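Worksheet: one structure, shown below.
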Amino acid sequence: MALPPRDHRISLDAAAQLTRRYREGAGKSPQKAGAFHADQVGKLLSQPGCVALRIYYGTDEKGEGAFVLVGMDADDRDMTEGTLLEFQFPCPPFCDDGSELNA
């Protein structure tokens, strides 16, 4: 089934509330976010037939959180034969300490 239309945009206040609730419930896990280079995300999204991005939550060999990014086709299938991304820059230490999303 293809993804139905949706406006994914939210306000900064709503986004800050989501991330704050996560941090408050994260317990001992220090990882709050992960960053990826735009050129590589762009290559993933520009693959022929890619209409969306799916993010899988994972755990690396050290027990830390990880994200796996994969393109999706128009039939809502993972494009596993294409570009897959991981090895994000974890926050911390790669954080924006002045961001409302990390307050």
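Derivation of every value follows stated rules applied to the coordinates shown; laboratory data play no part. Being a predicted model, the structure only gives us computed values, none of them experimental. Cβ coordinates were reconstructed from backbone atoms using ideal geometry, including for glycine residues, and neighbour counts include every protein chain displayed.
Please work out if Phe36 is over 14 Å from the mean Cα position of the chain (by Cα) and in contact (Cβ under 8 Å) with a residue 12 or more places away in the chain. Give the steps one after another, and end with the answer.
Working: over 14 Å from the mean Cα position of the chain (by Cα): no; in contact (Cβ under 8 Å) with a residue 12 or more places away in the chain: yes.
No.
Taking the numbered list (1) without any contact (Cβ under 8 Å) to a residue 24 or more places away in the chain; (2) in contact with a Ser or Thr (Cβ under 6 Å, 6 or more places away or on another chain) in turn, Leu44 passes all entries but (1).
When Leu69 is tested against the conditions (1) touching a residue at least 24 places away in the same chain (Cβ under 8 Å); (2) part of a loop (DSSP other than H, G, I, E, B); (3) within 15 Å of the chain's Cα centre (by Cα), the lone failure is (2). Cβ-Cβ distances below 7 Å connect no pair with a first residue in segment 83-103 that is without any contact (Cβ under 8 Å) to a residue 24 or more places away in the chain and surrounded by 16 or more Cβ atoms within 10 Å (Cβ to Cβ), a second residue that is part of a helix (DSSP H, G or I) and not charged (D, E, K, R), and a separation of six or more residues or different chains.
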